[in-house]
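Dropping a structure here in C-alpha cells format, bear with me for questions.
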Amino acid sequence: MSLLLDIDHVGKTFLQGGLLSRRSIEAVKDISLQIEVERPEILSVVGESGSGKSTLAAMVLGQQLPTRGRVLFDGVDVASIRSRADRCAFMAKVQPVLQNPFEAFNPLKRVDRYLFATAANFMTANGKPTRQEIEARVDRVLVEVGLTLAEVRGRFPHELSGGQLQRTAIARALIPEPRLLVADEPVSMVDASLRMSIVNLFGALRDRLGLSIIYITHDLATAYYISDRIIIMRKGEVVERGDARTVLDNPQHPYSIALKNAVLTPDFA
Amino acid sequence: MQTEALLHTPKAASEPILAVENLKAYYTTKAFGIDRDIRAVDDISLTIAKGEIYGVAGESSSGKTSLIKTIVGAIRPPLHVVGGSVCFNFEGQAYNIYDLGPDELQTIRWRHLSYIMQGSMNVLNPVRRIKHSFFDFAFAHMGLDRATFWDKVREHLRRLDLDPGVLDSYPHQLSGGMRQRTTIALATVCTPEFIVADEPTTALDVIVQRDVLTMLRDIQRDLGSSFLFVTHDMSVHATVSDRIGIVYAGRLVEEADTPTLFRGARHPYTQHLVASLPKIGDATRRASLSGRPPSLADPPAGCRFHPRCPLAMDICSKQVPPLNPLAPRHRVACFAVSGATS
Ligand SMILES: Nc1ncnc2c1ncn2[C@@H]1O[C@H](COP(=O)(O)OP(=O)(O)O)[C@@H](O)[C@H]1O
Ligand code: SF4
Ligand SMILES: [Mg+2]
C-alpha cells in the first residue's frame, strides 16, 4: 500500500499578539490521516468555523508548515522541498479549488487570459509551450468540467454565470494535471441545483481521472451524498471519522450529533 | 395590478406594505466603446403583506442582490433602474421610492427600513468597543436623549438574548456567531417595520446558522415587521419563509406559499430545484440539469430556461411566458402549465 497523502501526527500553533502579550493558539492538534494511491476518494472535512479545517488544508497545500508532525505527499515530506523546481512539481500535483470564484477572479481581467497564464506557468516540462499547446490544454480542462473555450473566450467574470465561474475555477485547478484537489467551501454560495452539479462533477473527476478530493464544507447533506470518508473536526481535533454514510447516519460523538441535529432539512413542518 | 394585490394579500386583508411593479434594473458596462447591458432585474412584480416573511430564492448571479438593492433604493452605477416602480406603504402613507428626493429616501430608510446587506457582517468597527458602533449608527436617527437611547439599546439586546455586556467588548473578543447576532441587533435597533436581509447566514456553520435564524425570526415576530429574506438555500427558506419567489436569470418564474412551493411546484426549474435538494440519509443519485444558467449579458430569448428545460416547446424560445396566477397565491411563468397562458 503506497500513500498519496500521509498526514502524520500534525499540529499547528499560531502565536498571536505583541512581544509582551504573546498567546498561542493551537489551530490543529495532532491529526493523522492517509489517502491511498490506489483508492482515489472524496474525503469530506466538516466542523464549525475556526475548528482548524482551513489550517489543515493550508498544510496539505504546502502553504503553511506544520509546527509538529509531517505532511508527506508521494512519500516526500512537504517541509523538505527546497528547490524551485521541486516546489513547482509539488504544487502541480496538489491544487486548491478557490473558495469563492466571485472573489478569486479579478473582475478587470478576462477569464481566458487567467487560464492561459496558469497553463503557461505549469506547462514548462518540455520547454516553453506554444500558443496552440496552451489553448489545447485549456480547452481540454474546460471540456472536462462541462464547458468549452468558446464559452469563456474573451469574457470578463461578471459576464459569466455563477455556475460557469465555479466550473472555471475547477478547470483552472485541473490545468497542471494534479492528483489531489483541496476544495475549501466550494459550494457555500450556490443553489442546490448548482451545488449538486458541482459535487456530481467531483464524483466524475474521481471516477474518470482517479483524482482524490479533500472537500471542506459546512454542508453535511452534500458530504453525505458524495463523499467516501468524512472527518468531523472541533477545536483542532478530529472528534469522529469513518465512512461518510455510517458516520452521518449514526453519529457517536456529542459534537457530531449536535452538528447533525442543527442541519435544516428541506422537509418543513 | 388591482387583482394581483388582492390575490397576494395573505393574513389580514391589509394593504400590502410593498408593491413592486414591472421593475427593471440593468448594469450598463462599457467595453471597447460598446454599451453592454446585464439585465439583472428584468420585469419583476410582487407584493408583500404586512407581517409577512417573503423569501427570494435563486442561484448566485441570478439577480437576487440586484433586486433587493433596487427595492430599497440602494443602487449606484453601473446599476440603474430602467423601468417600473417600488412602492412602500408605511403607516398609511405611500412612498414611491423612485419619486422621492435623496433626503426623503434617507429618512424612510432610517425610520422604516433595515437592510442587512450581503457580507455586511463586519460592519462593527474593529478597533472600537461595540457601544460606539451602536451610537454612531443609530443615535442621530432615533431622536432620543442619551439615557433613553441606551435604555432602548439594552432592552433590544435583552430581547434578542444578548447580554448588554457585549456593548463594552471589542468585536474580536466575540465568537463569529456572537458577532453576527450583534450585527443583526445593530441593524434592527431602530425597530424597523420592514427588514431586508441578503444571505445573512451563508457560509456560517450549521449550528451558528440555526441561532442566527432563530434570532431573525424572533425579531420579526416581536416587532411584527415584514421581512424580505434572500438566500439561495432552500432549507433555510423551508424553515423561515411564509412565501417564496423563485428567481431564474433575472426573472421571477414562480411564487407560492412555502408548503405549496415544496410540495406542488409547477415550474420545471422549481421542480428540479426541489428534487435536487440533498438530504442526510438519502444517497440516491440526483441528476444535474443539462447546461448551465445563462449569463445575464446575453440571456436566451423567450423563456430564459428554455435551453435547459425538458418540456420546452416551440413557443418557449420565441415568447416570454408571463407570470400568471394558477391558483390563489400561486403564480407560474411557464407555457407548459395550464392556466399560465391566458
Ligand atoms: N457591479 C457590477 N457590474 C456589472 N455587473 C454586475 C455587478 N454586480 C453584479 N453584476 C451582475 O449582475 C447579475 C446579478 O448579480 P446579483 O444581483 O449579485 O445576483 P445574486 O445576488 O442572485 O447572486 C450577475 O450577472 C452579476 O455578474
Ligand atoms: S415556458 Fe417553456 S421552456 Fe420555459 S419552463 Fe415552461 S416549458 Fe420550459
Ligand atoms: Mg447575492
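No lab work stands behind these numbers, since they all come straight from the coordinates. Keep in mind that what you see is a predicted model, and the values were worked out from it rather than measured. All Cβ positions, glycine included, derive from the backbone under ideal geometry; neighbour counts span all protein chains shown.
Once the dipole of the protein assembly as shown is set up with Lys and Arg at +1 and Asp and Glu at -1 on Cβ about the Cα centre, which of A:T246, A:G69, B:I68 lies farthest towards its positive end?
Toward the positive end, the furthest listed residue is A:G69.
Report, in degrees rounded to the nearest 10, the 0 to 90 angle that the Cα long axis of helix B:206-223 makes with the longest principal axis of chain B.
Once rounded, the angle reads 80 degrees.
Continuing with the same structure: At A:D30 and A:V143, where each label point lies 7 Å from the Cα along Cα→Cβ, what is the point-to-point distance in nanometres?
5.1
How many angstrom separate the Cα center of the range B:182-215 from the Cα center of the range B:145-168?
Here the answer is 17 Å between Cα centres.
Average partner chain C-beta neighbours within 10 Å, per residue of A:152-164?
5
Taking beta carbons within 10 Å but only from partner chains, what does the mean come to for residues B:268-280?
Per residue, the average neighbour count from other chains is 5.
Take the alpha carbon gyration tensor of the protein assembly as shown, find the square roots of its eigenvalues, order them as a ≥ b ≥ c, and report rounded if a/c is under 1.5; if not, report prolate when a/b exceeds b/c, else oblate.
Judged from the Cα gyration tensor, the protein assembly as shown comes out oblate (a/c at least 1.5, b/c at or above a/b).
With axes computed from alpha carbons, what is the tilt in degrees of helix B:176-188 against the longest principal axis of chain B, rounded to the nearest 10 within 0 to 90?
For helix B:176-188, the angle is close to 90 degrees.
Which shape class, rounded, prolate or oblate, goes with the range B:253-342 when its Cα gyration tensor gives a ≥ b ≥ c as root eigenvalues, a/c under 1.5 marks rounded, and past that a/b bigger than b/c marks prolate?
Oblate, since a/c reaches 1.5 and b/c is not below a/b.
If contacts are Cα pairs under 8 angstrom and at least 6 residues apart, what is the relative contact order of chain B in percent?
Rounded, it is 19 percent for chain B.
If you don't mind, another one. Between the range A:123-145 and the range B:22-96, how far is it from one alpha carbon centroid to the other, in angstrom?
42
Let me know the shape class of the range B:126-190, please: from the alpha-carbon gyration tensor, a ≥ b ≥ c as square roots of the eigenvalues, rounded when a/c is under 1.5, otherwise prolate if a/b is greater than b/c, or oblate.
Because a/c hits 1.5 or more and a/b exceeds b/c, the range B:126-190 counts as prolate.
Which of B:R109, A:R172, B:R128 has the fewest other C-beta atoms within 10 Å, and how do the rest follow up to the most?
Ascending number of Cβ neighbours within 10 Å: B:R128, B:R109, A:R172.
Right, here's the next one. If you average the alpha carbon positions of the range A:149-219 and of the range B:251-270, how far apart do those two centres end up, in angstrom?
Centre-to-centre distance over Cα atoms comes out at 28 Å.
Mind pulling the angle between the C-alpha long axis of helix B:102-111 and the longest principal axis of chain B? Nearest 10 degrees, somewhere in 0 to 90.
So the inclination is approximately 70 degrees.
Between B:D222 and B:D298, how high is the FRET efficiency from 1/(1 + (r/R0)^6) when r is the Cβ-Cβ distance and R₀ = 41 Å? Nearest 0.05.
After rounding to 0.05, the efficiency reads 0.35.
Taking the Cα centre of the range B:126-190 as origin and charging only Cβ (+1 Lys, Arg; -1 Asp, Glu), how large is the dipole, in debye to the nearest 20?
It works out to roughly 100 debye.
Going through the cross-link list B:K30/B:K69; A:K53/B:K152; A:K29/A:K93, which pairs have a Cα-Cα distance over 28 Å in this structure?
A:K53/B:K152
Something else now. How would you rank A:K12, A:K53, A:K235, going from fewest to most other Cβ atoms within 10 Å of each one's own Cβ?
Lowest to highest Cβ neighbour count: A:K235, A:K12, A:K53.
So which aspartates and glutamates can B:K318 reach, going by Cα to Cα under 19 Å and dropping same-chain residues fewer than 8 places off?
In chain and number order, the partners are B:D42, B:D43, B:D298.
How far is it, in nm, from the label point at B:T28 to the one at A:E38 when both lie 7 Å from their Cα along the line to the Cβ?
Output for this residue pair reads 6.5 nm.
Per residue of B:225-238, how many C-beta atoms from partner chains lie within 10 Å of its own C-beta, taken as a mean?
Partner-chain Cβ atoms within 10 Å, mean over residues of B:225-238: 3.
For chain B, modelled as a Gaussian network with Cα springs under 10 Å, which listed residue fluctuates most, B:A265, B:A147, B:A297?
So, out of B:A265, B:A147, B:A297, the one fluctuating most is B:A147.
What's the exposure ranking of B:H306, B:H141, going from fewest to most Cβ atoms within 10 Å?
In increasing order of surrounding Cβ atoms, one gets B:H141, B:H306.
Given the peptides B:60-71, B:167-178, arrange them by the average over their residues of other C-beta atoms within 10 Å, most packed first.
Highest mean packing first, the order is B:60-71, B:167-178.
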